[in-house]
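Everything on this sheet refers to the single structure shown next.
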Amino acid sequence: MPVRTVNQLGEPCWIDLMTSDPARSIEFYTKLLGWRAVDTGAGSGRYTMFFHGDAAIAGLTAQERGNRDFWTTYLAIDSVDETVRAARAAGATVLVHPQTVGDQGRLAVLTDPAGAAVGVWQAAGHRGFHVDNEIGTPVWHELITCDFNATIAFYEEVFGWTPIPLSDTADFRYSTFGHDESMTGGVYDADAMLPAGVPAYWQVYLGVADVWASAKKVSELGGTVLREPWDSDFGTFAQVADAAGAAFLLGQVEASPRPSD
């Protein structure tokens, strides 16, 4: 498993689950993806780190019962305070003001001008993902927005993106973003899909060896299959929710060859 040593500025570097039922969520992801949960006690409350093998993959924070569970994508930046100032000037709202997490780094959570919540992470001791694009790790990050052009302009201005249009038709408008030739995510124009008043949102794809088998296991573990597995030109996917209701997508990934293969 190749270790990720660099997180490019402006790109996803971490995912964090807010859950109203930590025990149930931990059981779900450890059984579905083979993750290992470690209680770190970081910050003002308990914080659980998920590992795939020895590689840090994601985090989990407890919240009060009755709240909606959700995943948050964090983008790597070099200064939380400067990013928050630039984001506010460009029309963002601050949900979680800049704060320091021990010796690990600094964070904030914003909503972009279309309403999508996104975290920002200034790394210190914790740089973010130790590995991605493998089975059992994040493989894609996607922003679903109802104001495509304004959203693209916001992330270009604040996070230095250079989006590459994948399709630009009335039926399917989508741009990818990333560093050089390595794309890490995409932006989808959902203006015709999102109901009025529903804000934009980020969603994460987690890699599995077999989407069909994993979707079945989601149901067995108390989760929900929101959209049955489908094949596309870009791979096989399914939209699911975990046992506490947090939505995400499964993406099929080929197993990495062993050094001797």
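The values are calculated or read from the model by the stated rules, or taken from the named source; none is laboratory data. Treat the numbers as computed from the prediction; the structure is a model and nothing was measured. Positions of Cβ are backbone-derived with ideal geometry, glycine not excepted, and every protein chain shown enters the neighbour counts. What goes into the accessible areas is simple: the full protein's heavy atoms, side chains included, and nothing from ligands, DNA or RNA. Shrake-Rupley method; radii C 1.70, N 1.55, O 1.52, S 1.80 Å.
Note: relative contact order over region 77-132, using C-alpha pairs below 8 Å and six or more positions apart, is 32 percent. When you restrict to C-alpha pairs under 8 Å that are six or more residues apart and normalise by the size of region 125-216, the relative contact order lands at 39 percent. Computed from the alpha carbon atoms alone, the convex hull of region 21-130 holds 110 Å³ per residue.
Largest first, what is the accessible-area ranking of SER175, SER182 with a 1.4 Å probe? Each step should come with its number before you reach the end.
Values: SER175 10, SER182 65 Å².
Greatest to least solvent exposure: SER182, SER175.
For region 82-99, the residues whose amide N sits under 18 Å from a probe point set 7 Å from the Cα of GLN63 along the beta carbon direction are 93-99. Once the Cβ-Cβ distance of THR30 and THR169 is raised to the sixth power relative to R0 = 51 Å, the FRET efficiency obtained is 0.75. Give me the accessible area of THR224, 1.4 Å probe, in Å² rounded to the nearest 10. Per-residue accessible area (THR224): approximately 70 Å².
A simple rule links phi to the HN-Hα coupling: the Karplus curve 6.51 cos²θ - 1.76 cosθ + 1.60 with θ = phi - 60°, which for region 165-179 gives x, 8, 8, 9, 10, 4, 7, 8, 10, 8, 10, 9, 9, x, 10 Hz, with x for Gly and Pro. Among the protein heavy atoms, those of HIS97 account for about 110 Å² of accessible surface (1.4 Å probe, every chain in place).
Dipole size in debye (nearest 20) for the chain around its Cα centre, Lys and Arg Cβ +1, Asp and Glu Cβ -1? Walk me through the numbers on the way to the answer.
Working: 16 positive and 33 negative charges, 172 e Å.
Around 820 debye, computed over the chain.
You can think of it this way: the chain between GLU157 and GLN99 has 18.6 nm of extra reach, that is 0.36 nm per residue less the Cα-Cα gap. In the chain, helical runs assigned H by DSSP with n ≥ 4 each contribute -39500 (n - 2.57); averaged across all residues and rounded to the nearest 500, the mean residue ellipticity at 222 nm is -5000 deg cm²/dmol.
Note down the magnitude of the dipole of region 111-261 about its Cα centre, charges +1 on Lys and Arg C-beta and -1 on Asp and Glu C-beta and zero elsewhere, to the nearest 20 debye.
500 debye
Computed with every protein chain present, the accessible area of GLU82 is close to 110 Å² [probe 1.4 Å].
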